[in-house]
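Enquirer: Got a structure here, written out as C-alpha cells. Questions coming.
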Amino acid sequence: MRSTVDILGVNVDFVTMNQALENIKVFLSEDKIHVIYTPNSEIMMDAQKYPALKDLLNRADMLTADGAGVVLASKILKTALPEKVSGFDLVKNSFSINFEKKPTYFFFGSKIGVAETAKSNVEKEFPGIVVKGCRDGFFSDAEEPEIINQINSSGADILLVALGAPKQEKWISANRNNLKVKICIGVGGTLDVLAGFQTLAPDFFRRHGLEWFYRLTKEPGRLIRMLKLPKFIIRVIIRRIFK
Ligand code: UDP
C-alpha cells in the first residue's frame, strides 16, 4: 500500500532510499511498466501553473523528492518526508542492489556521446550491470517511433530518460503505453554525471541541502529557473497558514 504526502497537490511517496530501492525490486518482478519521477522544487512549481503536469506527476508509480526544497516543504506542511531520494542517487544505488538477476538498462538522453560514455563508466564500475542500448536526447518527432523501437528491441528492464524536466516527464507519460521496459525513470542530468561531464556538488553542499547553490555557481544561467525555489517555499508557507 503506497503512503504519500500531499505537497501542493502533488503526491510524493513517503519513502527512504532503501524503501525506494525495494519498490524498484517489486516493480521489476511485475510484468508491466512502472514510471518513476523525482520532482524538485522547480517542477513542483511548474505543476502549480500547469494542471496537466500535476496530473501527469500524480499518475506515476513512485514520486521521490529530488531536492532539499521538496523535503523542506514537507516539513513546513507538518508531513515530513523521511529523506531526499534524488534521481541520481536512486539510479546509482540501483546498480548495486542485490538481485538474483541484475536488471539491464537503456540510457536515453543528453548530448551525443554522453550515454555511451556513461555506459562504459557504469559497466566498468559496477560489474554485472549491462546497458543494452544508448540514444542521445536530441531528436525530431519523426524519429520517435524508431527510438521506441530501439528501446523495445534492446530488451532492457530499466529505461533512464534524461531529457531535462519537464520534457522527460511529458515524453514518458506520452509513450508509457508503447514501451516494453519494466521501469522508466526521468533522471535529468544523471547521464552527464555518470559520464563524468558534470560533477555532483561536494558532500558539504549535498548534506546541507545547498546543491542548488553549488549548481548556481557552476551554471549562473539557471538563476531565473532557480527563483522558483523560494517562490515554491513561500507558496508552501501560505498553504500551511491557511490550511
Ligand atoms: N537534454 C536532452 N534533450 C533536450 C534537452 C535536454 O537530452 O531536448 C538533456 C541535456 O543534455 C541534459 C539533460 O537533458 O543532459 C538536462 O539536465 P538538467 O540537469 O538540466 O536536468 P533538469 O534539472 O532540467 O531536470
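The values are calculated or read from the model by the stated rules, or taken from the named source; none is laboratory data. Given the structure is predicted, the values throughout are model-derived calculations rather than measurements. We place every Cβ from the backbone using ideal geometry, glycine too, and count neighbours over all the protein chains shown. Side chains are part of the model used for accessible areas, which takes the heavy atoms of the whole protein and leaves out ligands, DNA and RNA. Shrake-Rupley method; radii C 1.70, N 1.55, O 1.52, S 1.80 Å.
Enquirer: Taking the condition of being within 16 Å of the ligand (Cβ to nearest atom) and more than 15 Å from ILE158 (Cα to Cα), how many residues in the range 90-117 meet it?
Expert: Qualifying residue count for the region: 7.
Enquirer: Evaluate the following for LEU28: is it away from the ligand (no atom under 16 Å from the Cβ) and either open to solvent by 10 Å² or more (accessible area, probe 1.4 Å) or farther than 23 Å from GLU100 by Cα (or both)? Before you say what the answer is, go through the steps one by one.
Expert: On the way: away from the ligand (no atom under 16 Å from the Cβ): yes; either open to solvent by 10 Å² or more (accessible area, probe 1.4 Å) or farther than 23 Å from GLU100 by Cα (or both): yes.
So LEU28 fits the description; yes.
Enquirer: Sort out for me the helices (runs of 4 or more DSSP H) sitting completely within the range 178-243 that have 2 or more residues that are within 16 Å of the ligand (Cβ to nearest atom) and over 19 Å from ALA65 (Cα atoms). Steps first, answer last, please.
Expert: Details: elements: 190-195, 203-207, 211-218, 223-226, 228-242.
It comes to 190-195, 211-218, 223-226.
Enquirer: While we're on this one: Looking only at the range 158-177, count every residue that is open to solvent by less than 30 Å² (accessible area, probe 1.4 Å) and more than 8 Å from the ligand (Cβ to nearest atom) and tell me the total.
Expert: 8
Enquirer: Hand me the list of helices (runs of 4 or more DSSP H) wholly inside the range 1-116 holding 3 or more residues that are under 15 Å from GLN168 (Cβ atoms). Working first, answer last.
Expert: Details: elements: 17-29, 41-49, 51-58, 68-76, 87-94.
Filter on the range 1-116 gives 41-49, 51-58, 87-94.
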